[in-house]
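Quick one: the structure is below, and I'll ask about it shortly.
The values are calculated or read from the model by the stated rules, or taken from the named source; none is laboratory data. The structure presented is a predicted model; accordingly, all values stated were derived computationally and were not measured. Note: ideal-geometry Cβ built from the backbone for every residue, glycine included; neighbour counts use all protein chains shown. The protein model used for the area step is the full one, side chains on, heavy atoms only, and it has no ligands, DNA or RNA in it. Shrake-Rupley method; radii C 1.70, N 1.55, O 1.52, S 1.80 Å.
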Amino acid sequence: NNRDGLKFDSTDTPISPRLGLIYKPFTEMSIYTSYSVAFAPRAGEQLSSLSATNKAFDPEKFTNIEVGAKWDVSKDLSLTAAVYQLDRSNVVIADPSNPKLSILVDGQRAQGLELGVSGKITPQWSIMGGYAYQDAKVTRDLSSTLKAGTTLAHVPEHSASLWNRFDLNKDWGFAAGVVYRDEVYPSTDHKVVLPAYTRLDAALYYTVNANLQMQLNVENLADTKYYASAHNNNNILPGSPRALRLGVNLKF
C-alpha cells in the first residue's frame, strides 16, 4: 500500500464448479438447469479491502441453483423465465463475544423469479423487457442486531423495465421505455429507506446512410427525483436529472 507503506498478501485457491443441462422438448423451447459456485476474494475489486484483520479469511462464497426456460414464440420473438436460489457464505461480521474481532458466518439467501421478453412484435416494433421478484433475507441470527428474517440491503423486492422501439421508415425511428425499482434499504439496520421510483426514457434514431447512424437518448424524460443507490445510510447517490446524449455510429 503506497499510501501507508503496509504490506499484506493473501493466496486463494478455491475450485469454482459450474454445471448446466439443457433439454429441448421441441425445437422452439429450451429448458435448462444450472449449478455454480463463485467466490469474491478479500482483496476486493481494487485490491483495497485486504487488511491484517481479514487476510487469513477464506473468500466469500456464492452458491447458485437456477431452473429456467426459453420459448421462441416466433423467429423474431422470445420469452424467458427463470427461478433461482443464491446462498452467500463466509460473510465477515463482528464477533459477538468480542466486537474487536471478526468472524465468518453463513446465513444469507436470495430467492427469485425473472421473466423476460425480447424481439419484434411487428417488423417495425421491437421490444425488450423484464421483471424480477427477489426475496433476500438473513436465514439465521448473525449477531445481536442482525436477526434471521432481516431483509438484506440493496435488494428490491420488485423491479421491471420495458423498452420499445418503433421504426417509422428506413431512416427514422423512435423509442420509449420505463424503468421501475421497488424501495430498498441501504443497510440491514433498516433505519433508512430509498423510495421506489419509476423513470421514463426515450430515444430518437436517424440513419443518414448505410455507414452513418445518429442517435439521441433522453434519460429521465419527466425529470423525476429519485435515489439510484447508496453505499450506506449516509452516502446516498441521487439519480440523474433529465439528461440528453447524442451518439454517432460510423461504419467503415
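Please work out which residue is most open to solvent (accessible area, probe 1.4 Å), limiting yourself to the stretch 103-148 and to residues that are of a type in the set (Asp, Glu) and modelled with pLDDT of 95 or more. Spell out the reasoning first.
At the first step, the residues of the stretch 103-148 found to be of a type in the set (Asp, Glu) are 106, 114, 135, 141.
Add one more test, that the residue is modelled with pLDDT of 95 or more, and what stays is 114, 135.
Working: GLU114: 89, ASP135: 48 Å².
Top of the filtered list is GLU114.
Considering only the stretch 225-237, state which residues are open to solvent by 80 Å² or more (accessible area, probe 1.4 Å) and either of a type in the set (A, V, I, L, M, F, W, C) or over 18 Å from the mean Cα position of the chain (by Cα) (or both).
Answer for the stretch 225-237, where residues must be open to solvent by 80 Å² or more (accessible area, probe 1.4 Å) and either of a type in the set (A, V, I, L, M, F, W, C) or over 18 Å from the mean Cα position of the chain (by Cα) (or both): LYS225, ASN234, ASN235, LEU237.
Among the residues of the stretch 179-202 satisfying the criterion of being part of a strand (DSSP E or B) and open to solvent by less than 50 Å² (accessible area, probe 1.4 Å), which is nearest to ILE236 (Cα to Cα)?
Initially, the stretch 179-202 is screened for residues part of a strand (DSSP E or B), giving 179-181, 184, 194, 197-202.
Adding the requirement that they be open to solvent by less than 50 Å² (accessible area, probe 1.4 Å) leaves 179, 181, 184, 194, 197, 199, 201-202.
Details: VAL179: 19, ARG181: 16, VAL184: 12, LEU194: 9, TYR197: 15, ARG199: 18, ASP201: 22, ALA202: 26 Å.
Once the filter is applied, the top-ranked residue is LEU194.
Which of the residues belonging to the stretch 217-243 are out of contact with any Gly (no Cβ under 8 Å at 6 or more places or on another chain) and among the hydrophobic types (A, V, I, L, M, F, W, C)?
Within the stretch 217-243, VAL218, LEU221, ALA222, ALA230, ILE236, LEU237, ALA243 qualify.
Under 9 Å between Cβ atoms, which residue pairs at least 6 apart in sequence (or on different chains) link something in the stretch 184-208 that is over 22 Å from HIS158 (Cβ atoms) with a partner that is surrounded by 15 or more Cβ atoms within 10 Å (Cβ to Cβ) and acidic (Asp, Glu)?
ALA202/GLU219; TYR205/ASP167
Okay, moving on. Have a look at HIS158, HIS154 and point out the one that is farther than 25 Å from LEU79 by Cβ, loosely packed, with under 15 Cβ neighbours inside 10 Å and under 23 Å from the mean Cα position of the chain (by Cα). Spell out how you get there, then give the answer.
Details: HIS158 fails: farther than 25 Å from LEU79 by Cβ.
Unique residue meeting the criteria: HIS154.
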